[in-house]
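Each remark here refers to the structure printed beneath this line.
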Amino acid sequence: MKVILTENVKSLGSVGEIVNVSQGFARNFLIPNSKAKLADEGNAKQMEDYQKMLAKKVAEEKAAAEATAKKLNGFTLNLVKKVGSNGRLFGTVTNTELAKELAGKDIEVERRILTIETPIKTTGEFDVTAKLFKGVEATFKVVVEMSAQQAEELKAKEAAAIAKKKQRKEEAATEEAAETTEEKTEE
């Protein structure tokens, strides 16, 4: 069954394309959800007008995608997260979280179009790709850092651990010296 897509459908096509799909997919999903219209001979004239309108819509969407791509290219998003003592995050930075953070910076991006190459589970710098439109992609950096307060707490804990270790060594050395002194006095 041939249909004209009125929205971008992942793995099927973009707005305005005439695609051949199974009848069930068209009748049960595409047409009821207004993602496509039937492309039959009776609608040929309407289809031409519709194609012109869709071409305008596609051009507008592509222009909006290119404007967003300009904002995103070279953009650096800084995230302050809670980190464990081993340097790993409590949880993972997700697409949803990135989309919310970008929305806070006046960059509207849908979470489904964000692609993270490697899962963000540690502090550091990561590249994220946004596939905004067919042929329009943008890459931006995400820098994950530990909060300053938590960094100070970790430094204090490490300093305390080093001091405790040093104290234990001194106590062990004192005990050893006392034992060797006792052994010499017994002889």
In nm, give the distance between the simple-model label positions of T115 and K56, each being 7 Å from the Cα along the Cα-to-Cβ direction.
3.3
Under 1.5 on a/c is rounded, so check that first for region 2-71, then, if it is not, pick prolate when a/b is larger than b/c and oblate when it is not; a ≥ b ≥ c are the square roots of the alpha carbon gyration tensor eigenvalues.
oblate
What do you get for GluC sites (Glu not before Pro) in region 82-174 restricted to DSSP loop and a cutoff of at most 15 other Cβ within 10 Å of the site's Cβ?
E108, E110, E117
Compare K165, K155, K141 in a GNM of the chain, Cα atoms joined below 10 Å, and give the one with the largest fluctuation.
K165
I'd like the distance between the alpha-carbon centres of region 127-183 and region 14-34, rounded to an integer number of Å.
55
Less than 17 Å apart at the alpha-carbon level, and either on another chain or at least 8 residues along: which lysines does that give for K105?
K70, K71, K141
Suppose every K and R has +1 on its Cβ and every D and E has -1 on its Cβ; what is the size of the dipole of the chain about the Cα centre, in Debye to the nearest 20?
1440
Residues S14, S85, S147 in order from fewest to most other beta-carbon atoms within 10 Å are S85, S147, S14
If I build a Gaussian network model for the chain, linking alpha-carbon pairs within less than 10 angstrom, which residue out of V142, V109, V80 has the largest mean-square fluctuation?
V80
Can you give me the three principal axis dimensions of the chain from its C-alpha atoms, in Å, biggest first?
115, 35, 21
Neighbour-count order for T174, T122, fewest beta carbons within 10 angstrom listed first
T174, T122
Please compare each pair in K10/K81; K56/K81; K37/K100; K2/K56 to a cut-off of 31 Å on the Cα-Cα distance and tell me which ones are over it.
K10/K81; K56/K81; K37/K100
What net charge do the residues around E158 carry, taking every other residue with its C-beta under 12 Å from that of E158, with Lys and Arg at +1 and Asp and Glu at -1?
+2
Principal-axis tilt of helix 148-186 within the chain, Cα atoms, nearest 10 degrees
30
Set Lys and Arg Cβ to +1 and Asp and Glu Cβ to -1, take the dipole of region 2-71 about its Cα centre, and tell me which of Q23, N8, M53 lies farthest positive.
N8
Between A151, A160, A172, where does the largest GNM mean-square fluctuation fall for the chain, given springs only between Cα atoms within less than 10 Å?
A172
Mean separation of Cα contacts under 8 Å, 6 or more apart, over the residue count of the chain: relative contact order %
17
Residue separation between L38 and T92 times 0.36 nm, minus their alpha-carbon distance, gives in nm 15.2 nm
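Any read-out appearing in this document is the output of simple, stated calculations on the displayed coordinates, not a laboratory observation. The shown structure was predicted, so the numbers you read here are calculated from the model rather than taken from an experiment. In this analysis, Cβ positions are derived from the backbone assuming ideal geometry, glycine residues included, and neighbour counts consider all displayed protein chains.
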